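The values are calculated or read from the model by the stated rules, or taken from the named source; none is laboratory data. In this text, all values refer to a predicted model and were calculated from it rather than measured experimentally. Surface accessibility is based on the protein's heavy atoms, side chains included, excluding ligands, DNA and RNA. Shrake-Rupley method; radii C 1.70, N 1.55, O 1.52, S 1.80 Å.
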Amino acid sequence: QVRLVGSGGGLVQAGGSLRLSCAASGTIFSISAMGWYRQAPGKQRELVASITSGGVTNYVDSVKGRFTISRDNAKNTMYLQMNSLKPEDTAVYYCNLIFGSKWYWGQGTQVTVSS
């Protein structure tokens, strides 16, 4: 059983920064792909950034150069450093873990960027 707990969201002004964290239970963290998704009101959930078990990262174009995904396998924790935040980054952010055919989700953390 895998449990993901996301944290670090909040209210920030445009141009500010936040760091999201996702702590995972269980023993499969280091061998699993991870990702951050977000869902804004009235929109579909979208993949923001992903990181493989080997550390290869990928980003949606809208956050390239502003967001950085990372993982600390010793702490079973994944991070999303978000800089130069924009109002359009406002959404609920969900962490995700993929192990084989199984997908696991965190509970979501709200990020609100004011203009």
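Shown here are the Rg and Dmax of the Cα trace of the chain, at 13.3, 41 Å. Rounded to two decimals, the Cα radius of gyration of the range 33-90 over 2.2 N^0.38 Å is 1.15. Counting only protein heavy atoms, what percent of the accessible surface of the chain is carbon or sulfur at a 1.4 Å probe? Carbon with sulfur: 50 percent of the solvent-accessible area. The range 1-35 and the range 66-88 have their alpha-carbon centroids 8 Å apart. Note: relative contact order over the chain, using C-alpha pairs below 8 Å and six or more positions apart, is 36 percent. Specify the residue with the greatest mean-square fluctuation among Tyr79, Tyr104, Tyr93, computed from a Gaussian network of the chain linking alpha-carbon atoms under 10 Å apart. Result for the chain, Cα springs under 10 Å: Tyr104 fluctuates most. Here the translational diffusion coefficient of the range 1-68 follows from Stokes-Einstein with Rh set to the Kirkwood radius across Cα pairs; for 4 °C and 1.567 mPa s it amounts to 94 µm²/s.
Entry comment: accessible area of the chain is 52 Å² per residue, from protein heavy atoms only and a probe of 1.4 Å. Of Gly55, Gly35, Gly26, the residue with the greatest mean-square motion in the GNM of the chain, using alpha carbon springs below 10 Å, is Gly26.
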